[in-house]
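Engineer: The structure follows.
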Amino acid sequence: MTQTESKNRKGRLQISPTLSIDERELREDFIRASGPGGQNVNKVSTAVQLRFDVRNSPSLPEDIRDRLVRLAGSRMTESGELIIEARRFRTREQNRLDARERLADLIRKASFRPKPRRKTKPSRASERRRLDIKTRRSRLKKMRRPVRNSED
């Protein structure tokens, strides 16, 4: 899905065919970006700070919300707000689209339910091999030690 496809006509950010977020749930603040841009960089606020209140969003199911909070890590605030900063491009519009696409990607990742881990037990043969290797290594190290005299 391209950046232009992620926003449909009804004012919703389309994440997947079954999941979308209302534009009113997103808040954008424009800030000055560092980096290249000459004198323009000091005058124009082209970087975007996209804020999305994950904890209070009616658009997200509970399981996706929990996984999103874990995936977001340090981008989450104490109040449950996800902050994405986009300053890769020189124009405000490109940074806006970049921030929205990164939010959509993060939510897409959170929408995949991880496979539950099944406990496994090592086979007897693998245990035996592991112990044999440990024994060989131990013998090798013993042989490297200095020889002690029995007279001491």
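Read-outs throughout are calculated quantities, based only on the coordinates presented, and are distinct from any laboratory measurement. Computed from a predicted structure; not experimentally measured. Every residue, glycine among them, receives a Cβ derived from its backbone with ideal geometry; neighbour counts consider all protein chains shown.
Engineer: Pick from Pro17, Pro61, Pro122: which residue has the top mean-square fluctuation in a GNM of the chain where Cα pairs under 10 Å get a spring?
Structural biologist: It is Pro122.
Engineer: With +1 assigned to the C-beta of every Lys and Arg and -1 to the C-beta of every Asp and Glu, and no other charges, what is the dipole magnitude of the stretch 30-152 about the Cα centre in debye, to the nearest 20? Present the calculation step by step, with values, prior to reporting the outcome.
Structural biologist: Numbers: 36 positive and 15 negative charges, 281 e Å.
It works out to roughly 1360 debye.
Engineer: Oh, and also: Of Arg118, Arg102, Arg51, which is the most mobile in a GNM of the chain whose springs link Cα atoms less than 10 angstrom apart?
Structural biologist: Largest GNM mean-square fluctuation: Arg118.
Engineer: For the stretch 115-121, in order, what is each residue's ³J(HN,Hα) by Karplus, 6.51 cos²θ - 1.76 cosθ + 1.60 with θ = phi - 60°, in whole Hz (x at glycine and Pro)?
Structural biologist: Values, residue by residue: 5, x, 7, 9, 5, 10, 10 Hz.
Engineer: How far apart, in nm, are the 7 Å Cα→Cβ label points at Arg148 and Asp63?
Structural biologist: Placing both labels 7 Å beyond Cα along the Cβ direction yields 6.2 nm.
Engineer: Keeping to pairs on different chains or 8 or more places apart, tell me how many lysine pairs in the chain have Cα atoms under 28 Å apart.
Structural biologist: The number of close lysine pairs in the chain is 6.
Engineer: Still on this structure, I have one more. Work out how much length Arg32 to Lys141 would gain on full extension: take 0.36 nm times their residue separation and subtract the Cα-Cα distance, in nm to one decimal.
Structural biologist: 33.1 nm
Engineer: Report the Rg/Rh value for the chain, based on alpha-carbon coordinates and the Kirkwood definition of Rh. List each step's numbers first, then the result.
Structural biologist: Working: Rg = 27.3 Å, Rh = 19.9 Å.
Taking Rh as the inverse mean 1/r over Cα pairs, Rg/Rh reads 1.38.
Engineer: Separation between the Ile83 and Asn56 pseudo-spin-labels, each 7 Å from Cα along Cα→Cβ, expressed in nm?
Structural biologist: Using points 7 Å along Cα→Cβ, the separation is 1.7 nm.
Engineer: Please compute the length gained on full extension between Lys119 and Arg75, using 0.36 nm multiplied by the number of residues separating them and subtracting their Cα-Cα distance. Please report the intermediate quantities before stating the final value.
Structural biologist: Values: separation 44, 0.36 × 44 = 15.84 nm, distance 3.25 nm.
Residue separation times 0.36 nm, minus the Cα-Cα distance, leaves 12.6 nm.
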